[in-house]
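Worksheet: one structure, shown below.
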Amino acid sequence: MTNLSMFSLEGKTALVTGANTGLGQGICVAYAQAGANVIGVARRSCQETADKIAVFGGKFKEIIADLSDTSVIPHIVEEAEKAYGRVDILVNNAGIIKRCDAADVTEADWDAVININEKMVFFLCQTFAKKWLADNKGGKIINIASMLSYQGGIRVPAYTSSKSAILGLTRELANEWAAHNINVNAIAPGYMETNNTQNLRSDEHRSEEILSRIPAGRWGTPEDIAGAAIFLASDAASYVHGFTLAVDGGWLAR
Ligand code: NAP
């Protein structure tokens, strides 16, 4: 008989970036339900996330930090370890998107997207992996990719570049760290109902175009990625390395 405790996150500590809303909030709630101590990093208050977790008595601590500059990393690590000791699971979820014709993208907008979606992801991975390599106790990294890790998209050149990089980076880091019991994987959400897709969903034409192409016939929700996020953070995924798992209502199968 399969031992389902392999999916439990009891006794583990997970740090999730972009924890105040959307997919990050969904992942925080799911991890707390699976038994983890959860640390949510965000620019704005995570009170809504904290409230959702308090309902069932889960453990949650917020750290306010702007992830556009790597100089915040030591503060995040210090606060996280002060709260719960060793961080075992890192979820790089925070991300931004700027929609604009490629011909009009400014250098400032390009840098803003790449800094949060790509550069910060690498340096957070590096920071925690260095600790895990030193204590030899392993760890789990889950990066949030996108359909635009596989496809080109349109009017989002920096976003597509950053999310395509996440797929490659996830493979690269897995190759370096798999032998040290560090699992680096990613989740590629499809089209989900969050702030990130607000503009898309309010454009009637684009919204209809997208919806009619999703085999599942609906936009995804933060709850839809909970199962994949728990799996990749758990002992059940110990031999899964460098893979980007799509949770997309069948979008890529089309
Ligand atoms: P969202 O609702 O816009 O949430 C993004 C999160 O990132 C928010 O918590 C946001 O905080 C945080 N964030 C952005 N810039 C930050 C900064 N400088 N410092 C700290 N936190 C920052 O979008 P979402 O859909 O949940 O997106 C989560 C992840 O999934 C992103 O990486 C996104 O690219 C990816 N994704 C989303 C979809 C989708 O359809 N929704 C599809 C594929 C991939 P603030 O609220 O303070 O800005």
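What follows is calculated from the coordinates using simple rules that are stated; it is not laboratory data. Predicted model only: the values in this text are computed from it and were never measured. Using ideal geometry, Cβ is built from the backbone for each residue, glycine included, and neighbour counts are taken over all protein chains shown.
Stretched out straight at 0.36 nm per residue, the stretch from residue 198 to residue 6 would grow longer than its current Cα-Cα span by 65.5 nm. Placing a label point 7 Å from the Cα of residue 209 along the Cα-to-Cβ direction, the residues of region 145-173 whose backbone N falls under 17 Å of that point are 147-148, 151-157, 160. When only the Cβ of Lys, Arg, Asp and Glu is charged (+1, +1, -1, -1), the dipole of region 117-254 relative to its Cα centre reaches about 280 debye. Taking a straight Cα-Cα cut-off under 22 Å and skipping sequence neighbours fewer than 8 places away in the same chain, the lysines within cross-link reach of residue 59 are 12, 82, 140. Panel order for 110, 177, by other beta carbons found within 10 Å of each beta carbon, from fewest to most: 110, 177. Of the chymotrypsin sites (Phe, Trp or Tyr not before Pro) found in region 200-254, those that fall in a DSSP loop while having at most 12 other beta-carbon atoms within 10 Å are 239.
Were the residues from residue 216 through residue 253 laid out at 0.36 nm apart, the gain over their Cα-Cα distance would be 12.2 nm.
Near residue 159, within a Cβ-to-Cβ distance under 12 Å, what is the net charge of the other residues, with Lys and Arg +1 and Asp and Glu -1?
Overall, the nearby charge balance is +2.
Exposure proxy for 82, 137, 59: other Cβ atoms within 10 Å of each Cβ, ordered fewest to most, give 82, 137, 59. Normalised by the number of residues in the chain, the average gap of Cα pairs under 8 Å and 6 or more apart makes the relative contact order 20 percent. Here 13, 170 are placed in order of increasing Cβ neighbour count within 10 Å, fewest first, which gives 13, 170. Calculated [222 nm] ellipticity per residue, helices only, for the chain: -11500 deg cm²/dmol; basis is -39500 (n - 2.57) per DSSP H run with n ≥ 4, divided by all residues, nearest 500.
Its Cα centre serving as origin, region 4-247 has a Cβ charge dipole (Lys and Arg +1, Asp and Glu -1) of approximately 460 debye.
The lysines within cross-link reach of residue 98, meaning a Cα-to-Cα straight distance under 27 Å and a gap of 8 or more places when in the same chain, are 119, 163.
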